[in-house]
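Only one structure is covered here, and it is reproduced in the block below.
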Amino acid sequence: MAGPVRFEVEDGIAVATIANPPVNALSAALRGALLDAVRRTEADPAIRALVIAAEGRTFIAGADISEFGKPPLPPPLPEVCAALDACPKPIVAAIHGAALGGGLEIAMACSARLVGPGAKLGLPEVKLGLLPGSGGTQRAPRLMGAAAALKLMVDGEPLGAKAAVAAGLADALVEDDLPAAAKAQAATLAVGPLPEPVSRRDAGLGPREAFEKAAAALAKRAETEPNIAACIAAVRDAYETPFAQAVAKEREAFWALIKDPRSQALRHVFFAEREAAKIPNMPEGTKPRAVGRAAVLGAGTMGGGIAMCFANAGIPVRVIETDQAALDRGMARLRGTYDASVKRGSLTEAARDARMALIEGAVGLDAASDADMIVEAVFEEMGLKKEIFGTLDRVAKPGAVLASNTSYLDIDEMAAATSRPGDVLGMHFFSPANVMKLLEVVRARHTSPDALATAVEVGRKLAKVPVVVGVCYGFVGNRMLARRTAQAERLLLEGALPEQVDAALTGFGFRMGPFAMSDLAGIDVGWRARKASGRRAPVADALAAAGRYGQKTGSGFYLYPEGARAGVPDPEMPALIARIAEAEGVQRREIAAEEILDRLVLPMVNEGARILEEGVAARAGDIDVVWLHGYNWPAWRGGPMHHADALGLAHVAARLDEFARITGDDSLKPAPLLARLAAEGRGFASLKQPG
Ligand code: 3H9
């Protein structure tokens, strides 16, 4: 029988096998087919019990997220769960893989749950800004206790098979032949009294005090995250409200949250992350090359961090320097980073030793000759990079992928220094490289599809989020960041103070504002780069010239008395900035917090529009993923392009026009793509997705 469920009966036991690739999400068709399976089980006197099993890599990944926000299609999931719960014949869930969200809710509505070794049971709805919406907030507490269930919901992390059994969420772990064990269990249950439905197991809730204690510990999160408050209220209902009524309230809360802009943003992120994993315009059948060994050129902070990424993924890596002293320093720093993890308790000594054993130091580029992938992470200087790529052309083995970790420079120019430009691309890691998730994979003009596929696949193995971008100054992330940095400085001259600018961004959800960040990184870093390229940032330049480099010198945009880590506003700063503004001929004024925020964020969006128009990024969602994983853009804001879509592009364009007028800076005028979409009443999300 075609359809998402195969229904077979053998010896009076029916087995409904779900087959709804890729992850058995609960589409309307699957919900309908499951309901049918229950009805047939009820109606057929020859059937004594039902087993629900699934094919593929998951049991059920949950509700079909792509249906959210659209008119609901029948039957609703709570109706399916209610039918399972009310069935007069026993139903056993055979969970071989992930049972998440609605998938776990289906399983919890069954009479019993058996899990295979690969099972993962969880309620990740909070990660989408939601709460479980099909009885999960009522059944999980009755199976595992209210306090533990609340934790499962607010963490959003699944339990493995053993932990699920220990918690009471599943009944037993079956090491092999799960389907046979589930059928046997169903047959056994069919001859005894029907197990009490989970909906009636109120004794399982556990002591109310334990739940209230867990709820109190979440009070702060609940203040800012409406779905956490909703989880707490729903679980509390399990004690106070009859089951059916509590499920109805849960459903209401679920639908209210679906409309919340935070949930919309988080759902956008879910799909954008998965889209970003697809490389556009790849010839059919492109296969990545095998990478068994890597080499990293440069043992500085970046090079060391990148080498750690390879070692952490189990790939042997050689760190190469030009002289022994630099190599020794780099290797010592690298080991120190691992030691710090051991001290913190996040890494065992054995794991550290295993990783260090995969990292070998060497002097001279000849040591890169046996590597399948070489990542250059030397000083940002084109002459030096070209020389290195020229040498690599001679020493690297045929087919090795030659990558540059440059943050800004032209990969095409580096590729031209070799006779194998097809092997050359960018792999731009973010600092600290062993921590930050983003990897911009830069596709240069001649990069071959299989070299590109290799970099993306290796990126994933290194636990990064690879996003393919094109060649331009600063690629996607830093090119947009430059717009924000310029506006931050400009806002100071026009009348804002560093703490007001930073507060606008932390209020928006960033962990840090640009000036606190600048103080942390060192104002001298940007100053030197600006001097080299003839650019100016009058306030930052004046601070650097006065030796105020930030935290490390005790003062920068803020003061850091006695080595404090958090800066305090400098009472001299307003006068200092006023003097500079006067010298620059800029009239200062009061600037509202709303303008500060828009001035920081909307020019980035404008640059994002140019990036899209040039094809440097393939999709608006890719730009969002860059900002989420490279710059800690708050996930519940969805990324800069989603943020702009949520504001409405007509509004964004009008604001940019206004800023261009106020500042006289024509680069703030809406980019052609933005202006066109705004005029057509469209958003970035409406742009055609590349293949
Ligand atoms: C919920 O259940 C609400 C209920 O309480 C109440 C309802 C009333 N829907 O991640 P992958 C797609 S909320 C639609 O690369 P993996 C995904 O887009 C839901 N599509 O695979 C991708 O498509 P494509 C609670 C989904 O093996 C493809 O499947 N559940 C869904 O690395 C492969 O995905 C969750 O939040 C979905 N639910 O990881 C679980 N899930 O190939 C969300 C996946 O076209 N899912 N897709 O790009 C996951 O965490 C992971 O997908 C999973 C598999 C661990 C299951």
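Since every read-out is calculated from the coordinates, none of them should be taken as a lab result. Every value quoted in this text rests on a predicted model; they were computed, and no experiment measured them. Cβ: placed from backbone, ideal geometry, glycine included. Neighbour counts: every protein chain shown.
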Using the scaling law 2.2 N^0.38 Å as the reference, what is the normalised Cα Rg of region 318-376?
1.25
Considering the Cα positions of region 282-365, please state its Rg to one decimal place and its Dmax as a whole number of Å.
14.5, 48
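Using the 2.2 N^0.38 Å rule of thumb for compact globular proteins, work out how region 488-527 stacks up: its C-alpha Rg over that value, please.
In units of the globular-protein estimate, region 488-527 measures up at 1.14.
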Given N residues in region 522-658, what is its alpha carbon radius of gyration divided by 2.2 N^0.38 Å?
1.27
Rounded to the nearest whole Å³, what is the per residue volume of the convex hull around the Cα atoms of region 190-316?
323
Per the charge dipole of the chain (beta-carbon charges, Lys/Arg positive, Asp/Glu negative, Cα centre), the residue among ILE228, ALA86, ILE306 reaching farthest to the positive end is ALA86
Just going by the charge dipole of region 252-342, with Lys and Arg at +1 and Asp and Glu at -1 on Cβ, which of SER341, VAL291, ALA326 is farthest out on the positive end?
VAL291
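Please work out how much length the chain gains when fully extended from ALA354 to VAL525, using 0.36 nm per residue of separation minus the C-alpha to C-alpha distance, in nm with one decimal.
58.1 nm
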Amide H neighbours of ARG445 at under 5 Å, excluding residues fewer than 5 places away on the same chain, with H built from the backbone geometry, are ASP412
A correct fewest-to-most ranking of GLU240, GLU387 by other Cβ atoms within 10 Å would be GLU240, GLU387
With only Lys, Arg, Asp and Glu charged, each at its Cβ (+1 for the first two, -1 for the last two), find how big the charge dipole of the chain is about the Cα centre; round to the nearest 20 debye.
180
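Of HIS96, HIS651, how do they rank once you tally other Cβ atoms within 10 Å and put the fewest first? Display every interim value, and only then the final one.
Working: HIS96 23, HIS651 13.
Least crowded to most crowded, the residues run HIS651, HIS96.
Which of ILE580, ILE388 has the fewest other C-beta atoms within 10 Å, and how do the rest follow up to the most?
If I rank by nearby Cβ atoms, fewest first, I get ILE580, ILE388.
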What are the principal axis extents of the Cα atoms in region 1-131, in Å, biggest first?
44, 35, 27
Percent of Cα-Cα pairs more than 33 Å apart in region 5-259, please.
13
Describe numerically, in nm with one decimal, the distance between label points set 7 Å from Cα along Cα→Cβ at LEU576 and at SER419.
5.6
Compute, for region 348-411, the length of the dipole vector about the Cα centre, with Cβ point charges of +1 (Lys, Arg) and -1 (Asp, Glu) only. Units Debye, rounded to 20.
80
State the Kirkwood hydrodynamic radius of region 593-686 in Å, one decimal place, computed from all pairs of distinct Cα atoms.
13.1
Using just the helices of the chain, give the 222 nm mean residue ellipticity in deg cm²/dmol: DSSP H runs with n ≥ 4 each add -39,500 (n - 2.57), and the total is spread over all residues, rounded to 500.
-15500 deg cm²/dmol
Extension gain THR506-GLU614, at 0.36 nm per residue separation less the Cα-Cα distance, in nm?
35.8 nm
With region 294-475 reduced to its Cα atoms and the Debye formula applied, log10 I(q)/I(0) at q = 0.12 1/Å amounts to -0.50
Kirkwood-type radius of region 512-584, with distances r between different C-alpha atoms, in Å
12.4
Taking the chain as the reference, fit the longest principal axis to its C-alpha atoms, fit the long axis of helix 382-395 to the helix C-alpha atoms, and give the angle between the two in degrees, 0 to 90, nearest 10.
60
Per residue of region 254-269, what does 6.51 cos²θ - 1.76 cosθ + 1.60 with θ = phi - 60° give for ³J(HN,Hα)? Whole Hz please, x for Gly and Pro, Karplus curve as stated.
4, 5, 5, 6, 4, 7, 5, x, 5, 5, 4, 5, 5, 5, 4, 4
Plugging the Cβ-Cβ distance of ALA86 and ASP177 into 1/(1 + (r/R0)^6) at R0 = 25 Å yields, to the nearest 0.05, a FRET efficiency of 0.25
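What's the extension gain from ARG682 to GLU8 if we count 0.36 nm per residue and subtract their Cα-Cα distance? Could the numbers behind the result be given before it?
Numbers: separation 674, 0.36 × 674 = 242.64 nm, distance 4.86 nm.
Full extension from ARG682 to GLU8 adds 237.8 nm.
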Quick one: plug the Kirkwood hydrodynamic radius of region 583-622 (C-alpha pairs) into Stokes-Einstein at 37 °C, 0.692 mPa s, and report D in µm²/s.
265
What's the whole-number percent of alpha carbon pairs in the chain lying beyond 40 angstrom?
43
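List the pairs from LYS70/LYS120; LYS278/LYS461; LYS127/LYS151; LYS437/LYS552 whose alpha-carbon separation is above 20 Å, in the order I gave them.
Too far apart for the 20 Å limit: LYS70/LYS120; LYS437/LYS552.
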Can you tell which of SER667, LEU656, HIS642 lies farthest toward the positive end of the dipole of region 608-683, using +1 and -1 charges on the Cβ of basic and acidic side chains (Lys, Arg; Asp, Glu)?
HIS642
Scalar couplings 3J(HN,Hα) for region 629-640 by Karplus 6.51 cos²θ - 1.76 cosθ + 1.60 (θ = phi - 60°), nearest whole Hz, x for Gly and Pro, are 9, x, 9, 6, 4, x, 4, 6, 9, x, x, x
I need the Kirkwood Rh of region 152-226: take the reciprocal of the average 1/r across all distinct C-alpha pairs and report it in angstrom.
15.8
